[in-house]
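The values are calculated or read from the model by the stated rules, or taken from the named source; none is laboratory data. Since the structure is predicted, the reported quantities are computational estimates derived from the model, not experimental observations. Cβ placement follows ideal geometry from the backbone for every residue including glycine, while neighbour counts extend to all protein chains displayed. Quick note on the areas: whole protein, heavy atoms, side chains included, nothing else; ligands and nucleic acids left out. Shrake-Rupley method; radii C 1.70, N 1.55, O 1.52, S 1.80 Å.
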Amino acid sequence: MAFPLSSATFSHKLSFNVSIPSFTSKQSFLSTHLPFPLTSPRPLRPIFAKNSILEFTDRLDVPTMACIPTQDHGLRKVESIIAAILIFVQISSPLPIVAWDSMSISPAKAVLYSPDTKVPRTGELALRKAIPANTNMKAIQDSLEDISYLLRIPQRKPYGTMEGNVKKALKIAIDEKESILATLPPDLKEKGSTLYASLIDGKGGLQALLQCVKDKDPDKVSVGLASSLDTVAELELLQAPGLSFLLPEQYLKYPRLVGRGIIEFTIERGDGSAFSPEAGGEPRKTATIQVVIDGYSTPLTSGNFAKLVIDGAYDGAKLNLVNQAILSDNKNIGYSLPLEIKPSGQFEPLYRTTLNVQDGELPVLPLSVYGAVAMAHSETSDEYSSPYQFFFYLYDKRSAGLGGLAFDEGQFSVFGYITAGREVLSQIKTGDIIQSAKLVEGRDRLILPDES
């Protein structure tokens, strides 16, 4: 079984400030404070400012001060001191001062270096973004999703920008009403019209969200935003006709899921002990986990998994806690599937191909989410997924790489997320058992080979 899950290493930022303020005094002094080792592995980022201020900026400010008379010979002396300090830092540091050539960093890598990399951090958000809805609904969703990132900004939040985003979404919703409702199937027109009205003027609609933003209450904005996005997702799911692409002919022999499905796992302790109680409840002999699987992005992987669940293949399966994952045991049943990953911004999945996040390739269904569900690799090739073995991913930002991405991002077929019962994951131990797994929704969207 090939199942690499890497660990992270961390480095610490170095900050070094050297200022040359203007003084009229004829006295001179040099005061240097270095409360850190000069061998810090984080790079220096030089910025040259006006008034003869050389500043090496970073997150930490180290008070270093050089004050001299304004005579020419004094300036030359300080310049020599600065040059000597720079040479000493360069020799002492294990890394070069890379920022001298900062323009060499590619835009893709710059995105990944940013702590604000826009990868969905919850299963609900990832599943929303994966719905193949019409362009107007996606424009509304994108405008609202941006607000969730703006809410992460500490202290003074950009409420003006948020207000602009809500007004943009509202304008699209009103101006493109006919286009939005025209994409609904005839039997869902009435339900879609009700959802549309709720999106505009409902209690959790865009008008109410706009007022929350104007009130500058971040908690109310967060609640109102979640309500509006839920309504958007419901409307998009009504619009989604099934797969928005054609599967390669050689894969039509596999089971496939042409939409969403919900699977309910019942977990029991291998040693007979109980799970911790829910709020105000009693200790439980079993715990329930609900997973939404996404056939829009991974029709083959989701279809194979759904069929195995229907066949009872996971009933009684043992679980193993391995590194950052809860891994099911392995059995030689099911179909040998090609690795299936849909890149963000693409219309169809890639098969037997991993993504290179260093080049800016990110999946629609990221692994970097606590409770992501994915297939393990085949024992014979990383280009194929295991026909049976899957895992729940225990994402931990402290063990992630650049931009908060898991080191294994883009390497596995992620096909769903836990949407209820995530708190159970931290209690699962090696030897615990899947008492049962049931497909509670989506059987009508599962196409089996003999039905195609």
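I'd like to know if region 150-161 contains one or more residues that are closer than 24 Å to P132 by Cβ and in a helix (DSSP H, G or I).
no
Of the conditions (1) open to solvent by less than 10 Å² (accessible area, probe 1.4 Å); (2) part of a loop (DSSP other than H, G, I, E, B), L319 satisfies every one except a single condition; which number is it?
All conditions pass for L319, except number (2).
For region 245-277, give me each residue that is under 23 Å from A372 (Cα atoms) and loosely packed, with under 13 Cβ neighbours inside 10 Å.
Within region 245-277, just S276 meets the criteria.
Looking for something of a type in the set (A, V, I, L, M), farther than 20 Å from G242 by Cβ, in contact (Cβ under 8 Å) with a residue 12 or more places away in the chain and in contact with a Leu (Cβ under 9 Å, 6 or more places away or on another chain) - is there at least one such residue anywhere in region 291-302?
no
Looking at (1) open to solvent by less than 20 Å² (accessible area, probe 1.4 Å); (2) more than 30 Å from T430 (Cα to Cα), can you tell me which one I293 breaks?
Checking I293 against (1) open to solvent by less than 20 Å² (accessible area, probe 1.4 Å); (2) more than 30 Å from T430 (Cα to Cα), the one that fails is (2).
Looking at (1) at pLDDT below 90; (2) open to solvent by less than 30 Å² (accessible area, probe 1.4 Å); (3) under 30 Å from E361 (Cα atoms), can you tell me which one M162 breaks?
Only one criterion in (1) at pLDDT below 90; (2) open to solvent by less than 30 Å² (accessible area, probe 1.4 Å); (3) under 30 Å from E361 (Cα atoms) is unmet by M162, namely (1).
I need the full set of residues from region 366-389 which are touching a helix residue (DSSP H, G or I) at 6+ places or on another chain (Cβ under 9 Å) and open to solvent by 10 Å² or more (accessible area, probe 1.4 Å), in order please.
Once the filter is applied, which keeps residues that are touching a helix residue (DSSP H, G or I) at 6+ places or on another chain (Cβ under 9 Å) and open to solvent by 10 Å² or more (accessible area, probe 1.4 Å), region 366-389 yields Y370, P387.
Pull up region 423-452, narrow it to residues that are in a loop (DSSP other than H, G, I, E, B) and farther than 20 Å from D271 by Cα, then point me to the one that is modelled with the lowest pLDDT.
Ranking the candidates gives S452 first.
Modelled with pLDDT of 90 or more and of a type in the set (A, V, I, L, M) - does that describe any residue in region 276-286?
No, region 276-286 contains no residue that is modelled with pLDDT of 90 or more and of a type in the set (A, V, I, L, M).
How many residues are under 16 Å from V223 (Cα atoms), touching a Ser or Thr at 6+ places or on another chain (Cβ under 6 Å) and open to solvent by less than 30 Å² (accessible area, probe 1.4 Å) if we restrict to region 166-200?
So the count comes out to 1.
Taking only region 310-356 into account, find how many residues are aliphatic (A, V, I, L, M) and either more than 24 Å from T380 (Cα to Cα) or free of Cβ contacts under 8 Å to residues at least 12 places away in the same chain (or both).
Number of matching residues: 2.
Residues of region 422-452 being touching a residue at least 12 places away in the same chain (Cβ under 8 Å), within 18 Å of I262 (Cβ to Cβ) and among the acidic types (D, E), which ones?
E441
So is D359 at pLDDT below 95, open to solvent by 10 Å² or more (accessible area, probe 1.4 Å) and either in contact with a Lys or Arg (Cβ under 8 Å, 6 or more places away or on another chain) or at negative phi (or both) or not?
Judged against the criteria, D359 is a match.
Scan region 111-123 and tell me whether some residue there is open to solvent by 50 Å² or more (accessible area, probe 1.4 Å), at pLDDT below 90, farther than 18 Å from F347 by Cβ and part of a helix (DSSP H, G or I).
yes
Only one of (1) touching a strand residue (DSSP E or B) at 6+ places or on another chain (Cβ under 8 Å); (2) open to solvent by less than 40 Å² (accessible area, probe 1.4 Å) fails for G204. Which number is that?
Only one criterion in (1) touching a strand residue (DSSP E or B) at 6+ places or on another chain (Cβ under 8 Å); (2) open to solvent by less than 40 Å² (accessible area, probe 1.4 Å) is unmet by G204, namely (1).
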